[in-house]
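**Q** I am attaching a structure below and will ask some questions about it afterwards.
The values are calculated or read from the model by the stated rules, or taken from the named source; none is laboratory data. All values reported here derive from a predicted model rather than from experimental measurement. Glycine also receives a Cβ, built like all others from the backbone with ideal geometry; neighbour counts cover every protein chain displayed. Surface accessibility is based on the protein's heavy atoms, side chains included, excluding ligands, DNA and RNA. Shrake-Rupley method; radii C 1.70, N 1.55, O 1.52, S 1.80 Å.
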Amino acid sequence: MGQSESKKKVSKENGIDCCKTFCGKVTHYLNEKHEDAILSIEYSPDDTLVVTTSADSTIAVWELKSGRLWRVFKQHKKAVTCCAFSSIDTHILATGSEDNLVMLWNVKLGRRVARFEAHEDTVTACTFSPDGKCLATASKDCTIKLYDIVPGNGQYINGKYLCLEGHQGPIHSAQFSPDGILLATGSDDRTIRLWNRVSGKITSVLTDPYNPIVQCRFSCDGGQIATCSGKCVRVWNTMLCEVVNILEGYHTEMVTTIAFSVDGKIATGSTDRTICIWEAEKTALKSTPVHVLRSKAAVRACCFSRSGRFLSSGGDDNALSIWK
C-alpha cells in the first residue's frame, strides 16, 4: 500500500503523499467533542460548515475555515448514524439514529424543527432530493421511506410518505441521483437497487458477486455509481448497469465509506486506517490510488467538500480530520 506506487510525482509529509492538486495535509484535527466514533460527515452546501455525527449520540457542527466547534445537538438517545443537508434550504439538516428516529434541525437557529419515528429499526441513511422537496430514509428494517418536505422551513407533511420495499436484508446506504429522478440503495442482500422517485418502482438491480453493500454513491454527473463491499469498490455505469472500474488491492480490511469529488476523484476509507484517493477512469477495470492518507484509527466516514478542495474523514479516533 506504499506511496511509491503513485503515478504522480509526490513528496512526503508526515508519511502522507503530497502533490500540487491534493497535498494530503491535515489542516484541522478536531478531537475535543466526540466521546465515541464518528459515523457520518457532511458539508453544508456553501462549504462553510462541516457536520459530524457520532456513536456518542451527538451531532457536532464545525466551522470549516477556523475549525471552531459552532453548535452541538444532543436530542438523539442512541448513536447518530447519518446526516444530510438540504441543498435548497441550506440551513436544514436531517439526522438518523439507532433510536429509530429522524430529526430535522435548523442549523442556523440552533434548534430542532421536526422529530418523527421513521422506522422500526436503526435509521442507517438519509438523503434529500436535489430540489429539497423529498427526504429519503433507509433502515435495518429493510425499508426505505420517502417524505414530503415543505420548502423553506424543513417541516415534513405528517403521516404522508411512500414506503419502498424490495430489499431482502438491512439497508445501509441511500442517495438520490443529481437529477433527482433515481434513488440508489445498498443492502446486506448484496444488491444496489435503483428506484424511480415518483413511482417508487425499481428500475434496475445491480448485484455484487460476493459481499453485502456497505455504501453506494453517485458521481456528481450521475453517470456512475460507486459501491463498497468487502475490501474493494466497484464503479458502475448508471445507464448500462455494468461495472466499468474495480478499485482493489490496496485496502487490507473492509472499505467502510466512499465519496466522489466534483472533479471525479474517489475517496475510499477503510478499517485498515487508510484513505485512498483514486482518479476515476471511465474504462479501466483496474486502478491504482494516486494518494494513500494515513489515519490514526479505523475510518468510518469521509466526504469531499462541495468545491472539492477539502476532504474530511472520521472514525474510531473520535476526531474529525480535514485534509487539503
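**Q** Write out the GluC sites (Glu not before Pro) in region 89-137 meeting two conditions: DSSP loop, and at most 12 other Cβ atoms within 10 Å of their Cβ.
**A** Answer in residue order: E120.
**Q** Provide the net charge surrounding V50, with neighbours chosen by a C-beta distance below 10 Å and charges set as Lys +1, Arg +1, Asp -1, Glu -1.
**A** -3
**Q** Express in whole angstrom the spacing between the alpha-carbon centres of region 117-145 and region 18-71.
**A** The two parts, judged by their Cα centres, are 23 Å apart.
**Q** So, by mean Cβ neighbours within 10 angstrom, what's the order for 217-228, 235-246 with the highest one leading?
**A** 217-228, 235-246
**Q** What's the long-distance tail for region 77-142, i.e. % of Cα pairs beyond 14 Å?
**A** Summing the P(r) tail past 14 Å for region 77-142 gives 52 percent.
**Q** Right, here's the next one. With +1 on each Lys and Arg Cβ and -1 on each Asp and Glu Cβ, and nothing else charged, work out how big the dipole of the chain is about its Cα centre, in Debye to the nearest 20.
**A** For this selection, approximately 760 debye.
**Q** Restricting to Cα pairs below 8 Å that are 6+ residues apart, what does the relative contact order work out to for the chain? Please round to a whole percent.
**A** Value for the chain: 15 percent.
**Q** On to the next question. Hey, any idea what % of the chain's accessible area is carbon plus sulfur with a 1.4 Å probe?
**A** That share works out to 47 percent.
**Q** Under 10 Å, Cα contacts only: if you run a Gaussian network model on the chain, which one of C23, C82, C126 comes out with the highest mean-square fluctuation?
**A** Looking only at C23, C82, C126, the biggest GNM fluctuation is shown by C23.
**Q** Based on a Kirkwood Rh over C-alpha pairs, give the Stokes-Einstein translational diffusion coefficient of region 26-169 at 4 °C and viscosity 1.567 mPa s in µm²/s.
**A** My calculation gives 85 µm²/s for D.
**Q** Based on alpha-carbon positions alone, could you give the equivalent ellipsoid semi-axes of the chain from the gyration tensor, as √(5λ), descending, whole Å?
**A** Over the Cα atoms of the chain, the semi-axes work out to 29, 24, 17 Å.
**Q** Give me the Debye-computed log₁₀ of I(q)/I(0) at q = 0.10, 0.19, 0.20 Å⁻¹ for region 200-324, equal point scatterers on Cα only, no solvent, two decimals.
**A** Result of the Debye calculation: -0.28, -1.01, -1.11.
**Q** Testing the spin-label approximation: label points 7 Å from Cα along Cα→Cβ at K133 and S66. State their distance in nm.
**A** With each label placed 7 Å out from Cα toward Cβ, I get 3.9 nm.
**Q** While we're on this one: If you scale each eigenvalue of the Cα gyration tensor by 5 and take the root, what three semi-axes come out for region 149-261, rounded to whole angstrom and sorted largest first?
**A** 26, 15, 14
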